[in-house]
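Sending over a structure as structure tokens; questions will come in a sec.
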Amino acid sequence: MASADKPAAQASQSAFQAAQVSSTPTKIEGAAGALADVSSMRLLWSRQLNTERPIGSITKVMTALIVLREGNLNRQVRIPSNVLAYVAKYQAESAGLRPGDVLTVRDLLEAMLLQSGCDAAYVLAMTYGPGMTAFLAKMNATARQLGMFHTHFTSPDGLPYPTEYSTYSTPADLLTLGMAAMKSPVFRSIVAQPFFEVPKKKGLHHAYWWGNTNDLIGNYPGADGIKTGYTNAAKHCLLFEAVRHGVTLIGDVLGSPVTGPDTAAQAAARLLNWGFGLRLAPGTHA
């Protein structure tokens, strides 16, 4: 994919209005991305804004959105034995769910969004489809309802099946998805946590501890979400948000190089530093 920066004014398919800015961010490593001001609905920067790319586990934001909209978060779900085979087959990121344990839907959302557990995504999809085919249909229907016309899902977790590029989205569509998810107080409360702990409950489940894979949380002032992603094809991806002095910036970085686990977070921090400098500077009206 080409990686030349695209002026925000050319972003015709974004819900945001292009801002006229006097500078551009530097050293943003990634094939594609975007940064927008939610407060003013202005697009501040973009690269390959409408280019379809694999997004890895950012997919789980849509899975969470489906579950949250259907509700019943206190519902108890028994972890099926086939979840182990699912994780093993795809060598997927796991939250360590143990077959036979009974957890709430809220617990499973914590496992999926913080630890990026593909096992939790699988269980939620099978529960809320019900079944995988029905759940994927809900994901794609919701994408269309949101106006994400350059997004398609073939898994609830971003795993590369049937091919590396079967699940894809664009920087513009992911801004839309991120804003929709962050409207949920439950979602916001989950993705802003550095970790979540489930104490052992005799007769129901083992103890669990899930750490947030988003390196911005707890390290970047004002960061309150959203979700990481990685596959060999997608490379490092991050959908992120941060708030300072009443200004909310949302953005994404896709295809950051595989030179370390935090490359997308580093790119996001540079974007946020630039964006907040732009928006909070005296007399700025971008």
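The values are calculated or read from the model by the stated rules, or taken from the named source; none is laboratory data. Keep in mind that what you see is a predicted model, and the values were worked out from it rather than measured. Neighbour counts are summed over all protein chains in view; Cβ atoms, including those assigned to glycine, are modelled from backbone coordinates with ideal geometry.
List pairs: first in the stretch 166-184 and farther than 15 Å from residue 53 by Cα, second among the aromatic types (Phe, Trp, Tyr), Cβ under 7 Å, 6+ apart or cross-chain?
Matching pairs, first to second residue: 181/187.
So that you can scan it fast, the table gives a plain yes or no per residue for (1) out of contact with any Ser or Thr (no Cβ under 6 Å at 6 or more places or on another chain); (2) of a type in the set (Ser, Thr, Tyr); (3) at negative phi:
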position	(1), (2), (3)
207	yes, no, yes
213	no, yes, yes
218	yes, no, no
227	yes, no, yes
234	yes, no, yes
243	yes, no, yes
246	yes, no, no
256	no, yes, yes
259	yes, yes, yes
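Right, here's the next one. Could you go through the stretch 96-106 and let me know if any residue there is in a helix (DSSP H, G or I), surrounded by fewer than 20 Cβ atoms within 10 Å (Cβ to Cβ) and among the aliphatic types (A, V, I, L, M). Don't jump to the end; show me each part of the working.
Taking the stretch 96-106 first, the residues in a helix (DSSP H, G or I) are 105-106.
Of the ones still in play, those that are also surrounded by fewer than 20 Cβ atoms within 10 Å (Cβ to Cβ) are 106.
Those still in the list that are among the aliphatic types (A, V, I, L, M) too: none.
Checked the stretch 96-106: no residue is in a helix (DSSP H, G or I), surrounded by fewer than 20 Cβ atoms within 10 Å (Cβ to Cβ) and among the aliphatic types (A, V, I, L, M).
Yes/no per residue for (1) buried (at least 24 other Cβ atoms within 10 Å of the Cβ); (2) modelled with pLDDT under 95; (3) over 19 Å from residue 24 (Cβ atoms); (4) basic (Lys, Arg):
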position	(1), (2), (3), (4)
239	yes, no, yes, no
245	no, yes, yes, no
261	no, yes, yes, no
266	no, no, no, no
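Also, I was wondering about something else. Please verify whether residue 68 is over 23 Å from residue 203 (Cα atoms) and surrounded by 12 or more Cβ atoms within 10 Å (Cβ to Cβ), treating the condition exactly as stated. Spell out the reasoning first.
On the way: over 23 Å from residue 203 (Cα atoms): yes; surrounded by 12 or more Cβ atoms within 10 Å (Cβ to Cβ): yes.
Yes; evaluated as a whole, the condition is true for this residue.
Could you tell me which of the residues 173, 157 is under 20 Å from residue 41 (Cα atoms), among the charged types (D, E, K, R), crowded, with 22+ Cβ neighbours inside 10 Å and within 16 Å of the chain's Cα centre (by Cα)?
Values: 157 fails: under 20 Å from residue 41 (Cα atoms).
Answer to the check: 173.
Here is a further query. Are any residues in the stretch 226-248 in contact with a helix residue (DSSP H, G or I) (Cβ under 7 Å, 6 or more places away or on another chain), hydrophobic (A, V, I, L, M, F, W, C) and under 19 Å from residue 48 (Cβ atoms), and if so, which ones? If you could, list the steps in order and put the result at the bottom.
Of all residues in the stretch 226-248, those in contact with a helix residue (DSSP H, G or I) (Cβ under 7 Å, 6 or more places away or on another chain) come to 226-231, 234, 236-242, 244-245, 247.
Now narrow it down to the ones that are hydrophobic (A, V, I, L, M, F, W, C): 226, 234, 237-240, 242, 247.
Across the stretch 226-248, the qualifying residues are 234, 237, 238, 239, 240.
OK, next. Is one or more of the residues making up the stretch 176-197 surrounded by 19 or more Cβ atoms within 10 Å (Cβ to Cβ), of a type in the set (Ser, Thr, Tyr) and out of contact with any strand residue (DSSP E or B) (no Cβ under 7 Å at 6 or more places or on another chain)?
Yes, the conditions are met somewhere in the stretch 176-197.
Could I ask something else about it? Name, by its number, the condition in (1) among the aliphatic types (A, V, I, L, M); (2) more than 21 Å from residue 215 (Cα to Cα); (3) out of contact with any Cys (no Cβ under 8 Å at 6 or more places or on another chain) that does not hold for residue 87.
That leaves (3) as the condition not met.
Which one of these does residue 135 not meet: (1) within 21 Å of residue 70 (Cβ to Cβ); (2) crowded, with 18+ Cβ neighbours inside 10 Å; (3) touching a strand residue (DSSP E or B) at 6+ places or on another chain (Cβ under 7 Å)?
(3)
Tell me, which strands (runs of 3 or more DSSP E) wholly within the stretch 215-286 include 1 or more residues that are more than 14 Å from residue 174 (Cβ to Cβ) and among the hydroxyl-bearing types (Ser, Thr, Tyr)?
223-231, 247-256
In addition: Taking residue 77 as meeting all but one of (1) surrounded by fewer than 22 Cβ atoms within 10 Å (Cβ to Cβ); (2) among the hydrophobic types (A, V, I, L, M, F, W, C); (3) assigned to a helix (DSSP H, G or I), write down the number of the exception.
Result: residue 77 fails condition (3) only.
Given the options 173, 157, name the one that is over 22 Å from residue 73 (Cα atoms), of a type outside the set (Gly, Ala, Ser) and either modelled with pLDDT under 95 or out of contact with any strand residue (DSSP E or B) (no Cβ under 9 Å at 6 or more places or on another chain) (or both).
Numbers: 157 fails: over 22 Å from residue 73 (Cα atoms).
Being over 22 Å from residue 73 (Cα atoms), of a type outside the set (Gly, Ala, Ser) and either modelled with pLDDT under 95 or out of contact with any strand residue (DSSP E or B) (no Cβ under 9 Å at 6 or more places or on another chain) (or both) holds for just one of 173, 157, which is 173.
Yes/no per residue for (1) aliphatic (A, V, I, L, M); (2) crowded, with 19+ Cβ neighbours inside 10 Å; (3) more than 12 Å from residue 36 (Cα to Cα); (4) in contact with a strand residue (DSSP E or B) (Cβ under 7 Å, 6 or more places away or on another chain):
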site: 249; (1), (2), (3), (4): yes, yes, no, yes
site: 255; (1), (2), (3), (4): no, yes, yes, yes
site: 274; (1), (2), (3), (4): no, yes, no, no
site: 278; (1), (2), (3), (4): yes, yes, no, yes
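Another question, then. Inspect all residues belonging to the stretch 51-63 and state whether any of them is assigned to a strand (DSSP E or B) and basic (Lys, Arg). Reasoning before the result, please.
Going through the stretch 51-63, the residues assigned to a strand (DSSP E or B) turn out to be 53.
Pick out the ones that are also basic (Lys, Arg) and you get 53.
There is at least one residue in the stretch 51-63 that is assigned to a strand (DSSP E or B) and basic (Lys, Arg).
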